[in-house]
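Working notes, structure below.
A short reminder: the numbers here are calculations on the coordinates, not readings from a lab. Since the structure is predicted, the reported quantities are computational estimates derived from the model, not experimental observations. Neighbour counts run over all protein chains shown; Cβ positions are idealised from the backbone, glycine included.
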Amino acid sequence: MILPQITDLVAICAKKGIENAILSPGSRCAPLTLTFARHPEIHSRTISDERSAAFIALGMAQQLDQPVALVCTSGSAALNYFPAVAEAFFQQIPLLILTADRPAEWIDQYDGQTIFQPEVYGKHVKGSFQLPDTASNPDQLWHSSRIVN
């Protein structure tokens, strides 16, 4: 089941001018991957190797002079984006990085590829945000839309 905030996030991306997305599929980001792939206004490409995917997105954003979305699963996958994220930051090339995350209760429990993911890119991004992981009430959906906007 794809949560409404995921559908809203991708719709807002399209409204804000995101026309291209590079997807590095994984189990945690499956809802994001499917929603981007199905959106009629966003051209999505799948590149499983995260490091390569990030540099391809960087090159696209540079050549197209427009932001490109980059989607990956949780944990160390997000770290593989870091070299291109840092390069984009210093060259002022617009990338929108969307990573899935594992539940907070799984952190520090010897679960494979689990990292302290919040603000993983540190000072090398203009902003870092955590979306609510449920939509059990309308306020959570409203909060998620505010963050994305």
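Other residues with beta-carbon under 15 Å from the beta-carbon of Gly127 carry, at +1 per Lys or Arg and -1 per Asp or Glu, a net charge of +3. Which FRET efficiency, nearest 0.05, do Glu41 and Asp133 yield, Cβ-Cβ r, R0 25 Å? That pair, Glu41 with Asp133, gives E of 0.45.
On full extension, the segment bounded by Met1 and Glu19 gains 4.0 nm, given 0.36 nm per residue less the C-alpha separation.
Helix content alone sets the calculated 222 nm mean residue ellipticity of the chain: runs of n ≥ 4 DSSP H residues at -39500 (n - 2.57) each, divided across all residues, give -12500 deg cm²/dmol. Taking amide H atoms as placed 1.01 Å from N in the peptide plane, the amide H of Leu96 lies under 5 Å from those of Val68, Ala69, Leu70, each 5 or more residues away in sequence or on another chain.
What helices in the chain pass both tests, a Cα length along the helix axis of 18 Å or more and a mean Kyte hydropathy of -0.5 or higher, using whole DSSP H runs? Length and hydropathy pass: 50-64.
Peptides 68-74, 27-33, 88-94 ranked from most to least packed give 68-74, 27-33, 88-94, packing being the mean of other C-beta atoms within 10 angstrom over each peptide's residues.
Translational diffusion coefficient of region 4-148 (Stokes-Einstein, Kirkwood radius from Cα pairs, 4 °C, 1.567 mPa s): 84 µm²/s.
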